[in-house]
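Novice: Shown below is the structure under consideration.
The values are calculated or read from the model by the stated rules, or taken from the named source; none is laboratory data. Just so it is clear, the model here is predicted, and its values are computed rather than measured. Neighbour counts are summed over all protein chains in view; Cβ atoms, including those assigned to glycine, are modelled from backbone coordinates with ideal geometry.
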Amino acid sequence: MKLNSLSTRIHTIVKHLESARLTSKTYIPELYHKESGYHTWDLVHEDPSSWNVFRKGDGWGGKDVHSCFKTRIRIPDQLEGKKVVCAIVTGATDIWNYDNPQFLAFLNGELICGLDVNHTEIDLAPAAVKGEEFELALYAYCSTSAADVFLNVYIAEHHEPVSNLYYDLKAALDAADLLREDDLERLKLIEQLNEAVNLLDLRQENSTAFHASVLKAGEYLQNHIYGETRPDSDHIPTVHCIGHTHIDVAWLWTLDQTREKVIRSFASVLYLMDKFPEYTFMSSQPQLYAYLKADFPSLYEKIKEKVAEGRWEAEGSMWLEADCNLISGESMIRQIIYGKRFFKEEFGVENRVLWLPDVFGYSAAMPQIMRKSGIDYFMTTKIAWNDTNQIPNDTMYWRGIDGSEVLTHFITAKDYIPHPEFGKHRFETTYNGRFNASQVKGTWQRYQNKTINTDVLQCFGFGDGGGGPTEEMLEHGRRLEKGLPGVPTVKRTFVREFFEKLEQNLDGVRSVPRWSGELYLEYHRGTYTSMARNKKYNRHSEFALSDAELFSMIQRQADAQAVYPTDTLEHAWKLTMLNQFHDILPGSSIEQVYIDSQEQYEEVLRVTDELKSSALNGIVSQITSDGEAIVVFNSTGFARTDVVELPAFAKKVTVHDGDHPVPSQYTPEGGLVFLAENVPASGYKTFRITPDAAADLGSAGVSVAQWQSEQQSIETPWYDIRLNESAEFVSVWDKLEGRELLQSGERGNVLQVFEDRPAEYEAWNIDDYYEQHMWEINDLQSMEWVESGPVRSVLQVKRQFLDSVVEQTIIFYAHTRRIDFRTFVDWKQEHLLLKAAFPLDIWSEKAVYEIQYGNVERATHRNTSWDQARFEVCGQKWADLAESGYGVALLNDCKYGYDIHNSVMRLSLIKSATYPNENADKEQHVFTYSLYPHQGDFREGRVIQAAYDLNRPLVGLEIGSQTGTLPDTWSLASVDQENVVLEVIKKAEDNDDMVIRVYEAHGRRSRASLQLPEGTGVTAYACDLLENIEADCLVENARIAFDIKPYEILTFRIPRV
């Protein structure tokens, strides 16, 4: 007989055995039903007699619907002494439909497990007693278009020997199907499986003869397949497997639904752990554990027990799996601080692995941040989703911008390809693995570093929407562990244990590859721009938190009785970190997620505003002043000269710096604007004000900009500018450098709109063909000068595009080359991508982009496929294009998507996708981007400082005549080298020490000094990023001298005196 015929026969019988596992099905005809809402599972304890009756065949469901169902189950006589299970069937078959019905299942008032399309059965009784009754309650959720979900509940006898035989045959048959048809191992295995099937008596289903034959067939398989010892040479590759469920904190569902997913998923894990003693599980994201601790404390305690038993691994390091392109360096550090601390305090474990399976790209700053946070290992799979180039290694050392290295391994799980030589195959892998022969074998097949290592990692379990491993996976796992022909050795290994093994394997291997720089994901490029509102909230929240910390520390320095708001700041940080999740901040969630997010961000900003206001008022109350004055606070780490804007200032005054009046003017809205010179770093400076009835718009001197309407030209101290009829720049002549900024015949500040219809993942992606169709926003509605004076001149331009309005307030300054484009957009379009373009007469093959705690260079050409794939990239506050001696920076206060090619700098402003949020970005937007020409490169041009100036404006507070203990000018801390940026001043996490964080920003090794306030003690400490002390520092004359390497981050602790 042909081998294929035997294989077909075995498949047919295996399918029959699957259905024969359960017999004597008895359907529950009626359930009690009550509609409910989020977090109302306690309703399952109610008396249901007043509830509605839900009958078999009735429909249930709707959009975002919760219900409770209850019934009593009585064991019928024929199931006496039998193992009885209860099944809940809804008709759902799409395992990736996250709106499918999902349940918390309670038996006799106790939570048993979660149920969904992949988890449908619970054990009722191992040896049922006739007449015994059980109370079954289901707290149910679904989100469907109509009430068309049926709910069938039945009990049945579960035949464990039949189930065991089914899995014995299925696991081995799966392995045989993966072998080539002429493979001797396959021929032998099919023959053995056929022999086992021949032992079955299928004449009468559920007969005594049938069940006796099942035992014989199972015994045969144990003796001939699962009991055989295979040669060690067959077992060289080892796939280390760990149960896992990836739970997106929000995505196609809300945070409220996530909290319920955590309960369902973790309850299912615990339920299956009781059934499978060998089952081990790993889960990251302390945010999810914190939800569970608050929502279901008894379940949380069971998890703590499993961690203590060594069966549950709490690992991953970050508070949640955050986006790593858009968040700041300090946010990244706080994610790790709060994440590691939670797992240490709650479970007594020290995390050493950064687990980010599904994040959309990885900053080159991360290796250093990891190493200085006690993280030795990094794992992802998402980088395998690249659309153009495959990262050539799956095991390597990843090297960051400062030279730090971290051992990195990419999970390579995917289905096995029997004939990879035929056809083209995607190199995409998954973190939602299956514990079966195909994916175990495929994990090894896909792995690229077989010559240096034979151990690979696979995590298995349904994920994204949670769920986790299933009983089927665990049954397959038992058989895979025994060894099957052609399948690598399978071991159950925790993630950290795997990395330690991997590190041992690589010890002494000379050819371990390195990857230097960012891990750029060649996919999901639209996430730098989608849902612009959240990008703005994130940037503003990060700086608001930093300012609140700094001003609270200054207040504490001024007033020994002042209390640092530790708990309030932690709460605000955790709300900010929550919204940095990799499907919230990138803009790839449903609309309700962003409604919730807006409320949370508004709370963060309200709280930080209150903290800043309280601290600043406390500080200014201690400053000595002999008359009316304005105290100007500088939250950046360098002294600066910049504009101060007081939005509502009714008095007519002259502002003085000492005895000298400073340039000032009034805005049309009644605000005061003046130039504050030399405001010290992380400190303040007081400016006297005197009454001046003549003070008015432009009264203090000549206007910054001179406008010639006939020529459409503007002259400022820095530029001669010409506009066209659409108010676009057609010439920007740099007067100091004697050169034209724009390419000949081109226009600057062109608002370009591109057709944005990616092939898939609409909110996530910008596809490389987006440039094929472009329009310009050049329908000028009005142009007028709205403000002019010695500080600045302001030109307002209004344009129309279809149903949308774009208003730009273009600001020219006297003190800086920077030109601001304050932009208001009332955007009503969809499937369009808005960019601002500046074609520059500057030639460089590389542009520089700010990343967290540093910067990277990227090509401006498209020579290679790697260059071509980077047609849209991420930057933080600035990007710079410079040739020797001259350059231009494009700054922003809340944007992240850049493309700089062929000397054209473009910044992405709005991307209006309709899936998964049909109203994404169709709203009012307010943002600023700035053009900043400069001498030299970004270092000489002080681009970093200019970007901070834009993002952290000076703050002014008015005071009257008063006495106090503080001088009129004061600085908490500063650094004497321009390339060393003072980024953070805060209270230590564990005591009252002051923590200061600096980083080197120019790629230059330096000797620097940190200046501290007078009265600082003689001892300070160098720390890691977790604030653990690593070395003593000598303090002399309130200064700490230190050496810093290129792009190094240093943290100091200064004890409170």
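Novice: Within the range 831-848, is there a residue that is in the same structural domain as L931 (by TED's automatic domain parsing), among the acidic types (D, E) and under 28 Å from the mean Cα position of the chain (by Cα)? If you could, list the steps in order and put the result at the bottom.
Specialist: We begin by selecting, within the range 831-848, every residue in the same structural domain as L931 (by TED's automatic domain parsing); these are 831-848.
Now drop any that are not among the acidic types (D, E), which leaves 841, 845.
Restricting the remaining residues to those that are under 28 Å from the mean Cα position of the chain (by Cα) gives none.
Checking the range 831-848: not a single residue is in the same structural domain as L931 (by TED's automatic domain parsing), among the acidic types (D, E) and under 28 Å from the mean Cα position of the chain (by Cα).
Novice: Of W764, W785, which residue is aromatic (F, W, Y) and within 32 Å of the chain's Cα centre (by Cα)? I'd like the intermediate steps shown before the answer.
Specialist: On the way: W785 fails: within 32 Å of the chain's Cα centre (by Cα).
Testing whether each residue is aromatic (F, W, Y) and within 32 Å of the chain's Cα centre (by Cα) leaves just W764.
Novice: Surrounded by 15 or more Cβ atoms within 10 Å (Cβ to Cβ), modelled with pLDDT of 95 or more, within 29 Å of L907 (Cβ to Cβ) and among the hydroxyl-bearing types (S, T, Y), is that true of S682?
Specialist: Numbers: surrounded by 15 or more Cβ atoms within 10 Å (Cβ to Cβ): yes; modelled with pLDDT of 95 or more: yes; within 29 Å of L907 (Cβ to Cβ): no; among the hydroxyl-bearing types (S, T, Y): yes.
No: the conditions fail for S682.
Novice: Consider G81 against the criteria (1) assigned to a strand (DSSP E or B); (2) over 45 Å from the mean Cα position of the chain (by Cα): it satisfies all of them except one. Which criterion is unmet?
Specialist: Looking at each condition in turn, G81 falls short on (1).
Novice: Can you report the number of residues in the range 9-61 which are over 30 Å from K83 (Cα atoms), small (G, A, S) and either within 44 Å of the chain's Cα centre (by Cα) or assigned to a loop (DSSP other than H, G, I, E, B) (or both)?
Specialist: Looking only at that region, the number is 4.
Novice: State all residues of the range 1005-1023 that are surrounded by 15 or more Cβ atoms within 10 Å (Cβ to Cβ), modelled with pLDDT of 95 or more and assigned to a loop (DSSP other than H, G, I, E, B); if no residue qualifies, say none. Give the derivation first.
Specialist: First, the residues of the range 1005-1023 that are surrounded by 15 or more Cβ atoms within 10 Å (Cβ to Cβ): 1006, 1008-1013, 1016, 1020-1023.
Pick out the ones that are also modelled with pLDDT of 95 or more and you get 1006, 1008-1012, 1020-1023.
If the condition is that a residue be surrounded by 15 or more Cβ atoms within 10 Å (Cβ to Cβ), modelled with pLDDT of 95 or more and assigned to a loop (DSSP other than H, G, I, E, B), then L1012 is the only one that fits.
Novice: Can I ask one more? Within the range 839-862, can one find any residue that is more than 25 Å from G941 (Cα to Cα) and surrounded by fewer than 19 Cβ atoms within 10 Å (Cβ to Cβ)? Don't jump to the end; show me each part of the working.
Specialist: Restricting attention to the range 839-862, the residues satisfying the condition of being more than 25 Å from G941 (Cα to Cα) are 862.
Checking the rest, the ones that are also surrounded by fewer than 19 Cβ atoms within 10 Å (Cβ to Cβ) come to 862.
Yes, the conditions are met somewhere in the range 839-862.
Novice: Surrounded by fewer than 23 Cβ atoms within 10 Å (Cβ to Cβ) and of a type outside the set (S, T, N, Q): which single residue out of E315, E350 fits that description?
Specialist: Values: E315 fails: surrounded by fewer than 23 Cβ atoms within 10 Å (Cβ to Cβ).
The unique qualifying residue is E350.
Novice: Looking at V512, is it buried (at least 20 other Cβ atoms within 10 Å of the Cβ), among the β-branched types (V, I, T) and at pLDDT 95 or above?
Specialist: Details: buried (at least 20 other Cβ atoms within 10 Å of the Cβ): no; among the β-branched types (V, I, T): yes; at pLDDT 95 or above: yes.
Judged against the criteria, V512 is not a match.
Novice: Additional query: If only one of E315, E345, E330 is farther than 24 Å from C241 by Cβ, under 17 Å from the mean Cα position of the chain (by Cα) and at pLDDT 95 or above, which one is it? Step through it out loud before you land on a result.
Specialist: Working: E315 fails: farther than 24 Å from C241 by Cβ; E345 fails: under 17 Å from the mean Cα position of the chain (by Cα).
That would be E330, the only listed residue that is farther than 24 Å from C241 by Cβ, under 17 Å from the mean Cα position of the chain (by Cα) and at pLDDT 95 or above.
Novice: Further, regarding this structure: Please determine, by comparing only the residues of the range 1-51 that are charged (D, E, K, R) and surrounded by 14 or more Cβ atoms within 10 Å (Cβ to Cβ), which one is farthest from A105 (Cα to Cα).
Specialist: Looking only at the range 1-51, we keep the residues that are charged (D, E, K, R), and these are 2, 9, 15, 18, 21, 25, 30, 34-35, 42, 46-47.
Checking which are surrounded by 14 or more Cβ atoms within 10 Å (Cβ to Cβ) leaves us with 9, 18, 21, 34-35, 46.
Details: R9: 38, E18: 24, R21: 22, K34: 15, E35: 16, E46: 15 Å.
The extreme case among them is R9.
Novice: Give me the pairs, please: first residue somewhere in the range 1040-1055 and in the same structural domain as K987 (by TED's automatic domain parsing) and among the aromatic types (F, W, Y), second residue anywhere and crowded, with 22+ Cβ neighbours inside 10 Å and outside any strand (DSSP E or B), beta-carbon distance under 6 Å, and either six or more positions apart or on two chains.
Specialist: Y1047/I401; Y1047/D402
Novice: Further question on the same structure: Inside the range 351-391, can you point out the residues that are of a type outside the set (S, T, N, Q) and assigned to a helix (DSSP H, G or I)? Full working, then the answer.
Specialist: Filtering the range 351-391 down to residues of a type outside the set (S, T, N, Q) leaves 352-362, 364-367, 369-372, 374-379, 382-385, 387, 391.
Answer for the range 351-391, where residues must be of a type outside the set (S, T, N, Q) and assigned to a helix (DSSP H, G or I): M366, P367, I369, M370, R371, K382, I383, A384, W385.
Novice: Sticking with this one: Kindly check whether there is at least one residue in the range 110-125 that is surrounded by fewer than 19 Cβ atoms within 10 Å (Cβ to Cβ), without any contact (Cβ under 8 Å) to a residue 60 or more places away in the chain and in a loop (DSSP other than H, G, I, E, B).
Specialist: Scanning the range 110-125 turns up at least one residue that is surrounded by fewer than 19 Cβ atoms within 10 Å (Cβ to Cβ), without any contact (Cβ under 8 Å) to a residue 60 or more places away in the chain and in a loop (DSSP other than H, G, I, E, B).
Novice: Now for a separate question. Looking at A572 and the list (1) surrounded by fewer than 23 Cβ atoms within 10 Å (Cβ to Cβ); (2) within 30 Å of K922 (Cβ to Cβ); (3) free of Cβ contacts under 8 Å to residues at least 60 places away in the same chain; (4) not basic (K, R), which single condition is not satisfied?
Specialist: Checking A572 against (1) surrounded by fewer than 23 Cβ atoms within 10 Å (Cβ to Cβ); (2) within 30 Å of K922 (Cβ to Cβ); (3) free of Cβ contacts under 8 Å to residues at least 60 places away in the same chain; (4) not basic (K, R), the one that fails is (1).
Novice: Condition test on Q808, is it assigned by TED's automatic domain parsing to the domain that holds T928, touching a Leu at 6+ places or on another chain (Cβ under 8 Å) and at pLDDT 95 or above?
Specialist: Numbers: assigned by TED's automatic domain parsing to the domain that holds T928: yes; touching a Leu at 6+ places or on another chain (Cβ under 8 Å): no; at pLDDT 95 or above: yes.
The answer is no for Q808.
Novice: Next question. Quick one: in the range 515-550, which of the residues that are of a type outside the set (A, V, I, L, M) and within 30 Å of K450 (Cβ to Cβ) is surrounded by the fewest Cβ atoms within 10 Å (Cβ to Cβ)?
Specialist: Only one residue tops the list, namely S516.
Novice: Given (1) part of a loop (DSSP other than H, G, I, E, B); (2) small (G, A, S); (3) at pLDDT 95 or above, where does A946 come up short, assuming only one miss?
Specialist: It is condition (1) that A946 fails.
Matching residues to (1) farther than 21 Å from F543 by Cβ; (2) of a type in the set (A, V, I, L, M):
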{"residue": "T608", "(1), (2)": "no, no"}
{"residue": "I619", "(1), (2)": "no, yes"}
{"residue": "A629", "(1), (2)": "yes, yes"}
{"residue": "D657", "(1), (2)": "yes, no"}
{"residue": "V662", "(1), (2)": "yes, yes"}
{"residue": "E669", "(1), (2)": "yes, no"}
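Novice: T144 fails exactly one of the following numbered conditions: (1) part of a strand (DSSP E or B); (2) of a type in the set (V, I, T); (3) within 27 Å of G465 (Cα to Cα). What is the number of that condition?
Specialist: Condition not satisfied by T144: (1).
Novice: Now a separate question. What number of residues within the range 338-377 are hydrophobic (A, V, I, L, M, F, W, C) and over 18 Å from V856 (Cβ atoms)?
Specialist: Count: 9.
Novice: Among what's in the range 902-958 and is charged (D, E, K, R) and under 25 Å from the mean Cα position of the chain (by Cα), pick the residue that is surrounded by the fewest Cβ atoms within 10 Å (Cβ to Cβ). First the steps, then the outcome.
Specialist: The initial filter retains those residues of the range 902-958 that are charged (D, E, K, R), namely 906, 911, 918, 921-923, 937, 939-940, 942, 949, 952, 958.
Restricting the remaining residues to those that are under 25 Å from the mean Cα position of the chain (by Cα) gives 906, 911, 918, 921-923, 952.
Working: R906: 20, K911: 30, E918: 11, D921: 26, K922: 17, E923: 16, R952: 21.
Only one residue fits best here, namely E918.
Novice: Looking at the range 180-190, which of its residues are surrounded by fewer than 20 Cβ atoms within 10 Å (Cβ to Cβ) and touching a residue at least 40 places away in the same chain (Cβ under 8 Å)?
Specialist: Here is the first cut: in the range 180-190, the ones surrounded by fewer than 20 Cβ atoms within 10 Å (Cβ to Cβ) are 180-185, 187-188.
R180, E181, D183, E185, L187, K188, listed by residue number.
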